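First comes the structure, then the notes that go with it.
Just so you know, all these numbers are worked out from the coordinates, no wet-lab data involved. If you're wondering where the values come from, they're calculated on a predicted model, not measured in any experiment. Cβ sites come from the backbone with ideal geometry, for glycine too, and all protein chains shown count toward neighbours.
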Amino acid sequence: MKNDDQLQKNANEYDVIIVGGGLSGLSLSCLLGGIDGLRVACIDRDAPEAQLKSDERTTAISYGSSKILARAGVWDAIAAQGCPIEDIEILDGNSPVLLQFLSGEVDGKAFGWIVSNRYIREVLMARMAELPHVDHIAPTTVKDFTVDEHCAKVILDDGKVLSAKLIVGADGRQSSVREFMDVDIRSWSYQQQAVVCFVSHEHAHRNRAVEHFWPEGPFAILPMPDHKGGGCCSSLVFTEHGNKRDGLMSLSDDMFLDEVTKRFPKSYGAIEIIDNKRMAFPLSLVHAAEYIAPRMVLVADAAHGIHPIAGQGLNLGFRDLGVLHYLIEDAVLRGGDIGAPELLLSYQRKRRPDNMAMIAATDALVRLFSNDLPPVKLLRRVGLKAVAKLPMAKQFFMKRAMGE
Ligand SMILES: Cc1cc2nc3c(=O)[nH]c(=O)nc-3n(C[C@H](O)[C@H](O)[C@H](O)COP(=O)(O)OP(=O)(O)OC[C@H]3O[C@@H](n4cnc5c(N)ncnc54)[C@H](O)[C@@H]3O)c2cc1C
């Protein structure tokens, strides 16, 4: 019979420890928790109840990401509260619609689904609770890490030590795992912030997403399911220059509504800001020079945080999770080491080119669309019109938007 010390020791031994229980860490827990014989811990510094209350954002989940969430056993539940995007309209300043993507042009498939982050989190947490070999350890803070040839350990603030064959850093842009790995980062601030809120409107959105580029930054209207009171609803991402305290966040509720109303298409009818709530997020880019170190790997925003201009940050992260899940499952089936250097190298080789391409594309979009110099304005209008007229270019952009 095992004594208490032995039981305690085994309870603290995992195959994978995921540091960070944001949307990427929770999703990875659900993916890995489905692999037979794997024991997974997901650690977060915030209490789950607090996390559920603190994020007023929505995520545009691409078609490609929906496949990964289906593998994690959560897509049907998430889709039930999502709103499909069937039409994307792109406008520039005071111009009429310059480019329109219709789902009919891609075999009637939705470009993606808009889902509230709160709801995605709820579904992921519920799924984790069902998985017998996944422990959600929160709130707790990681004080330190140690790594040797055979295992890696995290030391928690209460002194408890957890060990695993692999530690995954899913702890966001200020990743402590990345800091411990001591990898260089490339980073800069866009000197912009995104103010997000939910808007109720008189007329239906007809599953249309609008991306309107103003000189001060993009103004994105994303279709949502009807809100509790039964009215039509969209989520808004209103970007402005400067991480200003004196910007949109400092306006009174009425003044903020005026600014939103000025930019909202008249076809939506009268609008209101739901519960008069808004939140601001400073926008920056961060990219780690390496995603791996002995027995450690970075995923999602811990590896690459991008501007939300194309709604692709988490979708890119989901693609990291898809690859890591595939490699770990394959190693488990072969009886191999899930923290082996070859596995980690293979992950990095598979993910860096895709991440770098998306970083370059979003960065170019931000620079192209946050600029009102006449030659730049002309260039982007000509560019958008050209894409609208060239079926192959249009198909390419539509497929990228879908994450295929
Ligand atoms: C305005 C806005 C709109 C966006 N819209 C979209 C969109 O439509 N589509 C899309 O794909 N992406 C979008 N994104 C990007 C997306 O939100 C992020 O890519 C995503 O939230 C990253 O998730 P994550 O789990 O990797 O990191 P985070 O959400 O940052 O989560 C990290 C977690 O780690 C925890 N943590 C941190 N440090 C520690 C530690 N030391 N110990 C324990 N826990 C720790 C934190 O508490 C947190 O829970 C948007 C971003 C913004 C700002």
Study note, to complete from the structure: A correct Karplus calculation of ³J(HN,Hα) over region 57-62, with 6.51 cos²θ - 1.76 cosθ + 1.60, θ = phi - 60°, whole Hz and x for Gly and Pro, returns 8, 10, 10, 8, 8, 6
Revision key, fill the gap. Expected max-MSF residue from LEU28, LEU248, LEU333 in the GNM of the chain (alpha carbon, under 10 Å) is LEU333
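In region 98-190, which GluC sites (Glu not before Pro) are in a loop and have at most 15 other Cβ atoms within 10 Å, using DSSP for the loop call?
On the way: sites: GLU105, GLU122, GLU130, GLU149, GLU179; in loops: GLU149.
Passing sites in region 98-190 are GLU149.
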Revision key, fill the gap. Percent antiparallel among DSSP beta bridges confined to the chain, nearest 5, equals 75 percent
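Sort ILE78, ILE68, ILE18 so the one with the fewest other Cβ atoms within 10 Å of its own Cβ comes first.
On the way: ILE78 23, ILE68 26, ILE18 30.
Fewest-to-most ranking of ILE78, ILE68, ILE18: ILE78, ILE68, ILE18.
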Study note, to complete from the structure: For region 87-243 the mean separation of alpha carbon contacts under 8 Å (6+ apart) over residue count, i.e. relative contact order in percent, is 21 percent
**Study point:** Karplus-derived HN-Hα couplings along region 289-297 (A = 6.51, B = -1.76, C = 1.60, θ = phi - 60°), whole Hz, x at Gly and Pro
**Key:** 5, 9, 9, 9, 8, x, 6, 9, 8
Check your understanding: Taking only Cα atoms, what is the 0 to 90° angle, nearest 10, from helix 313-334's long axis to the longest principal axis of the chain?
Key -> 30 degrees
Study note, to complete from the structure: Most exposed first, judged by fewest Cβ atoms within 10 angstrom, PHE318, PHE369 run PHE369, PHE318
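Go ahead and estimate [θ] at 222 nm for the chain from helices alone: -39,500 (n - 2.57) per DSSP H run with n ≥ 4, summed, over the residue count, rounded to 500.
Mean residue ellipticity, 222 nm, calculated: -11500 deg cm²/dmol.
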Practice item. Could you tally the net charge around ILE114, taking each other residue with its Cβ under 14 Å from the Cβ of ILE114, Lys/Arg +1 and Asp/Glu -1? Key: -1
Review point. Roughly speaking, what is the centre-to-centre gap between region 9-49 and region 317-343 when only Cα atoms are used, to the nearest Å?
Key: 15 Å
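Rank the residues MET128, MET356 as a footprinting-exposure proxy: fewest other Cβ atoms within 10 Å of their Cβ go first.
On the way: MET128 22, MET356 12.
Ordered from fewest to most neighbouring Cβ atoms within 10 Å, MET128, MET356 come out as MET356, MET128.
For region 146-224, which trypsin sites (Lys or Arg not before Pro) are in a loop by DSSP, counting at most 12 other Cβ atoms within 10 Å? Working shown, then result.
Details: sites: LYS153, LYS160, LYS165, ARG173, ARG178, ARG186, ARG206, ARG208; in loops: LYS160, LYS165, ARG173, ARG206.
Those satisfying the criteria are ARG206.
Grab the other residues whose beta carbon is less than 9 angstrom from that of CYS232, score K and R as +1, D and E as -1, and report the net. Before the final figure, lay out the partial values.
Details: positive: none; negative: GLU202, ASP226.
Overall, the nearby charge balance is -2.
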